[in-house]
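For reference, the structure is listed below as structure tokens.
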Amino acid sequence: MTADNQLDVWEVFMQSKPGANYIHAGSIHASDKQMALQNARDTYSRRGEGTSIWVVPSSAIVASNPEDNGMFFDPANDKIYRHPTFYVMPEGAKAI
Amino acid sequence: MTQQQALYNYALRLGDNSLILSARLSEWCSNAPFLEEDLALTNMALDLIGRAQAMLKYAGEVEGKGRTEDDLAYRRGERDYYNHLIMELPNGDFAYTMVRQLFVSTYELFFFEELQKSTDATLAAIAAKTLKEVKYHHLHAKDWVIRLGDGTAESNARVQKAVNALWMYTGEMFEMDHADTMLLKEGIAVNTDNLKLGWIQMVTQILALANIDLPADGYMQTGGRKGIHTEYLGHILSEMQYLQRAYPDATW
């Protein structure tokens, strides 16, 4: 495999409208912050997808290790009492 | 020359400048140094197409002979094109394209700022919309010219070479002819004489940050505004117009 010579990788997060969550849009290459922001804009907001952009160096992201999945996530599977499913849902509440 | 003719020429020239630069930038599609820049350059080409469409549509309306923006784009020969020569020059290397973008977008930053105040409502409206796009084009070009100029010995040399080669094509952007003067009196046109100082100051500042020497003012190329072009425009048009020339009124 040849080395990736296309600058550093940055992760791009877009906000579709003010107040909305920033959602991961994808990644881009750039050598500095300004270039990252411009490349993110050019790559992911060409069709009016966003009103705000965050870029984060991919190297700054700490990711969980797939080998730890058992220890990290499985214990949550059988703890049904952690879900608030025993409450009566108020009528009209949708986003719970 | 009537005011109507002058206004037709004015809108036509602004449209031609956008259309031809757009054709050049779109040649970078799939050829840029990397994917993100490929998108950036073609994005800018699309901004320019939109502007060309608006300007040529208006030119056709002013002319009043029922010609559409497509007629004007695809059915005129090179002697009837009035873009500045700098727009039609081949792309060269990436540094050359970026230096051209810097020279042109810096000019347009000042130009459309003024054209927004035009007494012609259509030109003013197109200018207001264009200005937002131009601000981004300028930022992008400025950052690249500084990055390359202040980069390696090789990238610095390429920027310097491009600046030296393109400098003689910058004078044309500030020319004023009889039609411009006529429209200027009506508050329609921009007095490009007044833009020169701001342009030179901004370009000087950016080139200084890029460690690039400003060329001495020498002979300035001219001709595009009178329909006299370099050998390159004909090739752009032959590619752009082929379909409409070979199959007039073709639709799909």
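Since every read-out is calculated from the coordinates, none of them should be taken as a lab result. Just so we're clear, the structure is a prediction, and the values are computed from it rather than from any experiment. Cβ sites come from the backbone with ideal geometry, for glycine too, and all protein chains shown count toward neighbours.
Ignore the peptide's own chain and count Cβ atoms of other chains within 10 Å of each Cβ in B:34-45; give me the average, rounded. Intermediate results must be reported in sequence, preceding the final value.
Numbers: counts 7, 6, 14, 6, 2, 7, 6, 1, 2, 5, 1, 0.
Per residue, the number of nearby Cβ atoms from other chains is 5 on average.
Taking θ as phi - 60° and the Karplus parameters 6.51, -1.76 and 1.60, the scalar couplings of segment B:84-99 work out to 5, 4, 4, 5, 8, 4, x, 4, x, 8, 4, 4, 5, 4, 5, 5 Hz in sequence order, x denoting glycine and proline. Here the Karplus curve 6.51 cos²θ - 1.76 cosθ + 1.60, taken at θ = phi - 60°, turns the phi angles of segment B:200-206 into couplings of 5, 5, 5, 5, 4, 4, 5 Hz, with x standing for Gly and Pro. For chain B, relative contact order (Cα pairs under 8 Å, six or more residues apart, normalised by length) works out to 25 percent.
Bridgeable lysines around B:LYS142 (alpha carbons under 24 Å apart, same-chain partners fewer than 8 residues away excluded): A:LYS33, B:LYS129, B:LYS132, B:LYS161, B:LYS196. Axis of helix B:35-63 versus longest Cα principal axis of chain B: the two differ by about 30°, to the nearest ten degrees. When exposed loop sites are taken as GluC sites (Glu not before Pro) in a DSSP loop with at most 14 other Cβ atoms within 10 Å, the longest stretch of chain B clear of them is B:1-185.
Averaging Cα coordinates gives a centre for segment B:205-252 and one for segment B:83-135; these two points are 13 Å apart. Net charge in the neighbourhood of B:ALA11 (other residues with Cβ under 15 Å of its Cβ; Lys, Arg +1, Asp, Glu -1) is -2. Per-peptide packing, taken as the mean over residues of other Cβ atoms within 10 Å, places A:27-33, B:15-21, B:81-87 in the sequence B:15-21, B:81-87, A:27-33 from highest down. Measuring between their Cα centroids, segment A:40-56 and segment B:9-78 lie 25 Å from each other. Once the Cα atoms are used to define both axes, helix B:232-246 deviates from the longest principal axis of chain B by about 40 degrees. In order along segment B:169-176, the phi-based Karplus estimate (6.51 cos²θ - 1.76 cosθ + 1.60, θ = phi - 60°) of 3J(HN,Hα) comes to 9, 8, x, 4, 5, 9, 5, 10 Hz; Gly and Pro are listed as x.
For chymotrypsin sites (Phe, Trp or Tyr not before Pro), the sites in segment B:1-50 that DSSP calls loop and that have at most 15 other Cβ atoms within 10 Å are B:PHE34. Taking amide hydrogens as placed 1.01 Å from N in the peptide plane, the amide H of A:SER52 sits under 5 Å from those of A:GLN15, each at least 5 positions away in sequence or on another chain.
Rounded to the nearest 10 degrees, the angle from helix B:153-166 to the longest Cα principal axis of chain B is 30 degrees.
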